[in-house]
Amino acid sequence: MILLSFFAMVFLTSFTGSVIFALWKFVSIGLEWCGEIKLVSSLLHVVIMFHLVPVVFAWLLYWSGAFLEGKAGNLLTVTPLLLETVKGLALIWLVGFSVEVFRYLRQQKVQRVEERISNPAGARSKEMVRRIRERLHITEEIPVYELSICNSPFITGVFKPRIFIPKTIEKEREMEVILEHELFHYLHGDLHLKKFCCWIVRLQWFNPFAHLLVRAVDSWGDSLCDYHICYESSDRWDIHEYFDVVIQYAQNRGEHDFGGRMWLARGKRQIHRRIKRMKRLKTDRGMKNGLRRAWVSVLTICFILASSFTAMAAGEGMTNLYGSAYVSSMTRSQESGEDDLEEFTRGRSEELSIVDTDEEVNLDSRGLNTYTWNLAPGDIYETGIFWASKGDKIGVGVTPSPATSKIGFGLDQPDGYLRGVTTTGASGHTFTVTVTGFHRVYAENPGSRSITVGVMVSKD
């Protein structure tokens, strides 16, 4: 159950997060056209939340009654076939996750070696950092180091932030704008977002949208720094002058860093995209403020509503998909185990702890009737009544959890007798009706510990 729950959580969170990311991507185009890059970045936080927090999974557990005494469906009830399938998926995921963790640890080791050979920056850089911190209202001390093997500045460290700059920076004005860029990353919380995304990538290594999410965090984090320096800073820079500095000290390699560093720039394509974004903000598109605000509001509301409905639809889809897999595997268990069990008949007595669930049984439907019950030792749970004529064949399948539990099941007949079988683990049996009238299907826990049992009823 724990294994199944964990992988249901990982895959459902991955799927819903990817769908929300696609919606964000669509909405961000309109918001960027309106110049609302701060709102785009804020909505990106919502996307990260859907990748990190299993909101839909928790809702499904609550809806299915997993936190209560009973359940409303067969969600997360296992069968032997489903359990073997999950074990296989677990092995594949674990191998991929182990490889990603190994790569992360190796990358961290290389970065620590690089940072160990750095030297504290001079008094000039420290004084610049102090002035910028005061201007940005940053209270934490953030040290600056010079790194000879680094050609592009970066900031790193969630709990102990540090700035690393190349030794080749000579002009004081260039030094100041670089430090302000990196300190604004800290102020905006980009280091925390990047670290979250780094672990999202490792947990969801199979999901290409998780890698795109890291690229989006890098891109929009840098764009907010660009916007601050070019439009908000007390010492505003001209776009061309500022990006001349960015290009000069850009990281030569264009791949994205999944280790938690926020660089000044990485790759020509990313820089070109940032330049176009800043120029677009400067351009007057002739859109009236009232119309722009209305358009922004509509896009934001659409994103929130679409995200909520899409997430719930994804959860419902998973429930239906799992239900189909559950019924299919349960049918196989019933077919493989039926006709090997010896039936017995016994009378009802007051000593038996029989609980009437009054759950409907519809034998006229083409589908299967499924139920999930939590049985204490000695408990007998029954469905609601249904009509069956002599000679009808009623198929009953059971799947207990734990999977090796002993379980009894059968028919409560109109003549007052219980007719059933007893088995261990998932099984099924077809009962030929011998008495015309109203019947019930029951499941019994003859063991000494509580179990959860999935019951399937059909008419053959």
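The values are calculated or read from the model by the stated rules, or taken from the named source; none is laboratory data. Remember, it's a predicted structure, so these values are computed and weren't measured experimentally. Note that we place each Cβ from the backbone using ideal geometry, even for glycine, and neighbour counts take in every protein chain shown. Please note that ligands, DNA and RNA were not included when accessible areas were found on the heavy atoms of the full protein model with its side chains. Shrake-Rupley method; radii C 1.70, N 1.55, O 1.52, S 1.80 Å.
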Inset, instruction - Using R₀ = 25 Å, calculate the FRET efficiency as 1/(1 + (r/R₀)^6) where r is the Cβ-Cβ separation of His192 and Tyr145; round to 0.05. - result: 0.75
Legend entry - Karplus (6.51, -1.76, 1.60) ³J(HN,Hα), θ = phi - 60°, over the range 155-161, in Hz, Gly and Pro reported as x: 10, 8, x, 6, 8, 10, x
Inset, instruction - Quick one: accessible surface of Thr432, probe radius 1.4 Å, all protein chains present, in square angstrom to the nearest 10. - result: 50 Å²
Legend entry - Modelled FRET efficiency - R0 35 Å, Ile92 with Arg162, Cβ distances, 0.05 increments: 0.40
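Go through Glu172, Glu360 and list them by solvent-accessible area, largest first, probe radius 1.4 Å.
Largest to smallest exposure gives the sequence Glu360, Glu172.
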Legend entry - Distance histogram in 10 Å bins (all Cα pairs of the range 108-163, percent per bin): 21, 54, 23, 2
Inset, instruction - From largest accessible area down, sort Leu105, Leu89; use a 1.4 Å probe on the protein chains. - result: Leu105, Leu89
Legend entry - Surface accessible to a 1.4 Å probe, Leu136 within the full protein complex, Å²: 20 Å²
Legend entry - Amide H partners (placed H, <5 Å) of Asp379, local residues excluded: Asn445
Inset, instruction - Using amide H atoms built 1.01 Å from N in the peptide plane, name the residues 5+ places from Lys459, or on other chains, whose amide H lies under 5 Å from its own. - result: Gly395
Legend entry - Nonlocal amide H pairs with Tyr145, under 5 Å, H built at 1.01 Å: Ala121, Ile163, Phe164, Ile165
